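Here is the structure we will look at.
The values are calculated or read from the model by the stated rules, or taken from the named source; none is laboratory data. Given the structure is predicted, the values throughout are model-derived calculations rather than measurements. FYI the Cβ positions are ideal-geometry reconstructions off the backbone, even for glycines, and counts take in every protein chain you see. With ligands, DNA and RNA removed, areas are computed over all heavy atoms of the protein, side chains included. Shrake-Rupley method; radii C 1.70, N 1.55, O 1.52, S 1.80 Å.
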Amino acid sequence: MLIYWAVTALMALSIISIPGEYLFKDYNDQRVVAWNWSFMPLDVIFAISGLWALRLERIGDPSWKVWTAVSLSLTVCAGLMAISYWTIVGDYDPAWWLPNLFRMLWPIPFLFALAKDEN
């Protein structure tokens, strides 16, 4: 997600451009731009907290589990928000649905495993 937001920022600054066929529907509509940017804090926080969790786990700090739970929970929320938006606007493009369904679903088994872990 950090790479996605770096590329998105570079596009917003007109430093790089990506062909329109690779962008989501209505990418240049100002309301859609605002919707997309509304994800930035959530995405950056889940990415940074996930990287922090990995660092803590590597050094043996038990608080890695809390940071992992935060990161995974925010990841599920971000995917769910995106899927909700695409559903509301009636856009069922697999190119955007599949990554967001993946983002929404892959953390769930790990969250259950963290919840079961007694150590």
#### Entry: Filter result for A115 (among the aliphatic types (A, V, I, L, M) and surrounded by 15 or more Cβ atoms within 10 Å (Cβ to Cβ))
no
### Query
Does at least one position in the stretch 99-111 carry a residue that is part of a helix (DSSP H, G or I), open to solvent by 50 Å² or more (accessible area, probe 1.4 Å) and closer than 24 Å to A9 by Cβ?
yes
### Task
Examine the stretch 103-110 for a residue that is closer than 23 Å to M40 by Cβ, touching a residue at least 40 places away in the same chain (Cβ under 8 Å) and within 19 Å of the chain's Cα centre (by Cα), and state whether such a residue exists.
no
### Task
For the stretch 19-46, enumerate the residues that are among the charged types (D, E, K, R) and under 17 Å from A95 (Cα atoms).
E21, K25, D26
